[in-house]
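For reference, the structure discussed in these notes is given below.
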Amino acid sequence: MSADLQVAVGPLALKNPVLVASGTFGYGEEFAPYFDLSILGGVVTKTITLEPRAGNPPPRIAETTAGMLNSIGLANVGVEAFIRDKLPFLQQFSTAIIVNVAGRSAEEFQAVLRRLEESELRIDAYELNYSCPNVKEGGMAFSANPHVAHAVTSTLRKVTTRPLIAKLTPNVTNIAEIARAVAEAGADAVSAINTLLGMAVDYRTRRPKLGSIVGGLSGPAIKPVALAKVWEIKKAVDIPIIGIGGIQSYEDVLEFMIVGASAVQVGTANFVVPDCAARIVRDLEKYCDQEGISRVADLIGTLQVST
Amino acid sequence: MPALHACLVTCNEQVSQTVFRLTLHAPDLALAAAPGQFVNIRIQEGAVPLWRRPLSVYSANRDAGSLRLLFEVRGVGTRILAASRPGTTLDVLGPLGTAFLAPPRGALPVLVAGGLGIAPLHFWAEELARAGCRPLLLFGARTAEALCALDDLRRLDSDLRLATEDGTEGMQGMVTELLATTLAEQPPQQTMVYACGPVPMLREVERICAARAVDGQICLETLMACGFGACMGCAVAARSSSPQPGYKLVCKDGPVFNFGEVDLER
Ligand SMILES: Cc1cc2nc3c(=O)[nH]c(=O)nc-3n(C[C@H](O)[C@H](O)[C@H](O)COP(=O)(O)OP(=O)(O)OC[C@H]3O[C@@H](n4cnc5c(N)ncnc54)[C@H](O)[C@@H]3O)c2cc1C
Ligand SMILES: Cc1cc2nc3c(=O)[nH]c(=O)nc-3n(C[C@H](O)[C@H](O)[C@H](O)COP(=O)(O)O)c2cc1C
Ligand code: FES
């Protein structure tokens, strides 16, 4: 007997719950030498904006204890080049293609989405990056304020019938409130979390290690925070959650699903072990077989809490 | 094509106070690697240190299926690597990055190394010598002790010239001064320069060569989270006329760049 790894994230059907996170998987091509991308539940592409962006000045990364800081700054080829040069490559794989988008304003978000809608190529869902801490002009603003998050989501809901996933930042007082706002505005799911605001300093030179002083913390160091955020959101809304933060093994996936995630995304771990996500899918399947778990979806939200 | 390799450590020698020379049994890598390229090593399992550590290929022996690396102990990762004993298996990703471009037919390759910058240039000198293209190798460091792996360099079929800042070995002064005098003896169109070392040295190399219209390439280092173009963390400013900076990725567009391709002033 082989375990059934399929899960549903609202209207989005996935062959398994293991996706790769935006900004940590390039446009997919970079990982093709290491494994067949079709094994993945889905690929979330690097955030796309209307115009190409060069990104922030270096140094853009720093290693921290069990994690890393980045201030890449949404460097990307822009929506036109994305459709022309990057999206066709992903079509050959039987895995969900989730395009992550961002804009400096609701109008810009809308323009990116409209352009993608015009394309004939397969796109299975959109992830709305409301949460990047690295963009001066806003980014985080979209998910720091529930009214703004609601307004932007409502506008985007009118542009597409494809599944919309709002990606939330943990850098707010009340993430559940934001989740509620986007759910009411018609988002099909949320993903949580994006990076945590952090800083690294060189005591010898008395300089920050990042060119932009502060950046986003990711990797195993943030897993406990991510689990707590997924749990908070789970208690507040009914829409599905995609858990993100420090996942590097099938055990981590199980933890996120038990807490309430319907699927997960592997991020920083892709840099260290390029075929990490593929290994996780295989390990997850093996575990379910061994434990007699026939449907992995049955694990979602099964956390035992004594009352 | 880069791939993940499980490589057996067959030898790890200390060649100076802080520098080690590591030999790996890695037949596929030895076949695939070209001078200028690097490998990215997972120091140990677990999350600390999190990133792999990039090291240039110092030497490849295709017949023996072995690959050698030359590294300096800088911090946590290289300290653990320095302690790895024969019999240990290392998780090695590679070969990664761009390789040096062959010199035009008949041109003299002039290799300029500062300190540990010798690592990729040793492999390049090895290959050039093998192709019957005897290189001129200029190697400089602060003191004689920092001129590591001289044993290997002296065995190569090359014209080796040394410089130390304190005069304990070779000419007293900077390796760039050696370069300037060497180029003065050479017709520029019959020379191709390859340099690896600290950024101020590379800047000076590009300046000296530009003054004499000599072409060449440099090999750069940056912090790297992935080493294969996925994180965009290893960006360096590209040389351009526009006020908005564009960037190149050292791991993918480099580490070998043509003179003038990246902006070493930024
Ligand atoms: C393409 C490439 C090829 C390289 N080839 C060689 C080589 O052949 N031999 C060799 O000795 N080193 C080489 N390096 C540098 C080497 O990667 C670093 O010295 C190493 O990663 C340091 O790791 P660590 O854990 O010991 O130091 P850490 O504990 O991470 O840091 C200690 C200090 O080392 C320095 N450092 C860390 N990473 C780098 C880096 N990537 N580049 C420069 N300085 C760094 C910083 O000053 C830091 O503060 C190369 C780097 C690149 C990008
Ligand atoms: C280098 C880097 C670049 C990232 N770029 C993006 C991005 O463009 N868009 C986005 O929504 N998230 C981006 N992220 C955040 C990740 O998608 C993910 O939410 C975060 O890293 C937490 O997961 P992890 O701990 O598994 O890495 C980036 C993260 C890293 C480390
Ligand atoms: S190190 Fe990740 S893109 Fe170069």
Exercise. Ignoring the sites themselves, what is the longest stretch of chain B with no GluC sites (Glu not before Pro) in a DSSP loop and at most 10 other beta-carbon atoms within 10 Å?
Worked result: B:46-184
Exercise. So which aspartates and glutamates can residue A:167 reach, going by Cα to Cα under 12 Å and dropping same-chain residues fewer than 8 places off?
Worked result: A:127, A:188
Seminar exercise, completed: Check: C-alpha center region A:99-116 vs C-alpha center region B:130-174, spacing in Å is 56
Seminar exercise, completed: Placing each pseudo-label 7 Å from Cα in the direction of the beta carbon, residue A:29 and residue A:177 end up separated by a distance in nanometres of 4.4
Seminar exercise, completed: Residues whose built amide H sits under 5 Å from the amide H of residue B:171, excluding neighbours closer than 5 in sequence, are B:162, B:163, B:164
For this session: Normalising by the residue count of chain A, find the relative contact order in percent from Cα pairs under 8 Å and 6+ residues apart.
Result: 22
Problem set entry | Surface accessible to a 1.4 Å probe, residue B:159 within the full protein complex, Å² | 50
Problem set entry | At 0.890 mPa s and 25 °C, Stokes diffusion of the protein assembly as shown via Kirkwood alpha-carbon radius, µm² per second | 97
Problem set entry | Cα centroid separation - region B:188-258 against region A:185-258, whole Å | 35
For this session: Tell me which residues come under 5 Å, amide H to amide H, from residue B:217 once H is placed; ignore anything under 5 positions away on its chain.
Result: B:193, B:194, B:195, B:259
Problem set entry | Accessible area buried, both sides summed, chains B and A with 1.4 Å probe, Å² | 2400
Seminar exercise, completed: Share of accessible surface on carbon and sulfur in chain B, whole %, 1.4 Å probe and ligands ignored, is 51
For this session: Please give every one of the aspartates and glutamates within straight-line cross-link reach of residue B:252, meaning a C-alpha to C-alpha distance under 19 Å, and leave out same-chain neighbours fewer than 8 residues apart.
Result: A:29, A:30, A:85, A:275, B:221, B:261, B:263
For this session: Over 26 Å between C-alpha atoms is what I'm after, so list which of A:46/A:286; A:209/B:248; A:15/A:223 land there.
Result: A:46/A:286
Exercise. Normalised by the residues of chain B, what does the relative contact order come to in percent, with Cα pairs under 8 Å and at least six apart?
Worked result: 17
Exercise. Ignoring ligands, DNA and RNA, what accessible area per residue does region A:33-145 give at 1.4 Å, in Å²?
Worked result: 34
For this session: State which stretch of chain A is the longest one without any exposed trypsin sites (Lys or Arg not before Pro), exposure meaning a DSSP loop state and at most 15 other Cβ atoms within 10 Å.
Result: A:1-121
Exercise. So what is the relative contact order of region B:111-266, in percent, for Cα pairs below 8 Å that sit 6 or more residues apart?
Worked result: 18
For this session: Run the quick spin-label model on residue A:94 and residue A:294: label points 7 Å from Cα toward the beta carbon, then report their separation in nm to one decimal.
Result: 2.3
Exercise. So, in Å, what gap is there between the alpha-carbon centers of region B:1-50 and region B:103-122?
Worked result: 22
Exercise. When the chain is fully extended, how far beyond the present Cα-Cα distance does residue A:85 get from residue A:4, taking 0.36 nm per residue of separation?
Worked result: 25.7 nm
Problem set entry | Low-density loop cleavage sites - GluC sites (Glu not before Pro) in region A:88-194, where at most 12 other Cβ are within 10 Å (DSSP) | A:120, A:137
Exercise. How much net charge surrounds residue A:96 when only other residues with a Cβ under 9 Å from its Cβ are counted (Lys, Arg +1; Asp, Glu -1)?
Worked result: 0
Exercise. Which listed residue (A:211, A:153, A:164) has the Cα farthest towards the positive end of the charge dipole for region A:143-213, taking +1 on Lys and Arg C-beta and -1 on Asp and Glu C-beta about the Cα centre?
Worked result: A:211
For this session: Return the calculated 222 nm mean residue ellipticity for the protein assembly as shown, to the nearest 500 deg cm²/dmol, obtained by summing -39500 (n - 2.57) across DSSP H runs with n ≥ 4 and dividing by the residue count.
Result: -7500 deg cm²/dmol
Exercise. What dipole magnitude, in Debye to the nearest 20, does region A:165-222 give about its Cα centre under +1 on Lys/Arg Cβ and -1 on Asp/Glu Cβ?
Worked result: 480
Exercise. What is the dipole size for region B:128-180, taken about its Cα centre, with +1 at each Lys and Arg Cβ and -1 at each Asp and Glu Cβ, in debye to the nearest 20?
Worked result: 280
For this session: Between B:65, B:197, B:114, find the one with the highest GNM mean-square fluctuation for chain B; connect C-alpha pairs within less than 10 Å.
Result: B:65
Problem set entry | Sequence-distant residues sharing a close amide H with residue B:66 (under 5 Å, placed H) | B:26, B:61
For this session: For region B:1-39, state which residues have at least 20 Å² less accessible area in the presence of all protein chains than in their chain by itself, taking the probe as 1.4 Å and leaving out ligands, DNA and RNA.
Result: B:1, B:2, B:4
Exercise. Suppose every K and R has +1 on its Cβ and every D and E has -1 on its Cβ; what is the size of the dipole of region A:1-76 about the Cα centre, in Debye to the nearest 20?
Worked result: 180
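The values are calculated or read from the model by the stated rules, or taken from the named source; none is laboratory data. Predicted model, so just to flag it, every value in this text is computed and none were measured. Every residue, glycine among them, receives a Cβ derived from its backbone with ideal geometry; neighbour counts consider all protein chains shown. All accessible areas refer to the heavy atoms of the entire protein, side chains included, with ligands and DNA or RNA removed. Shrake-Rupley method; radii C 1.70, N 1.55, O 1.52, S 1.80 Å.
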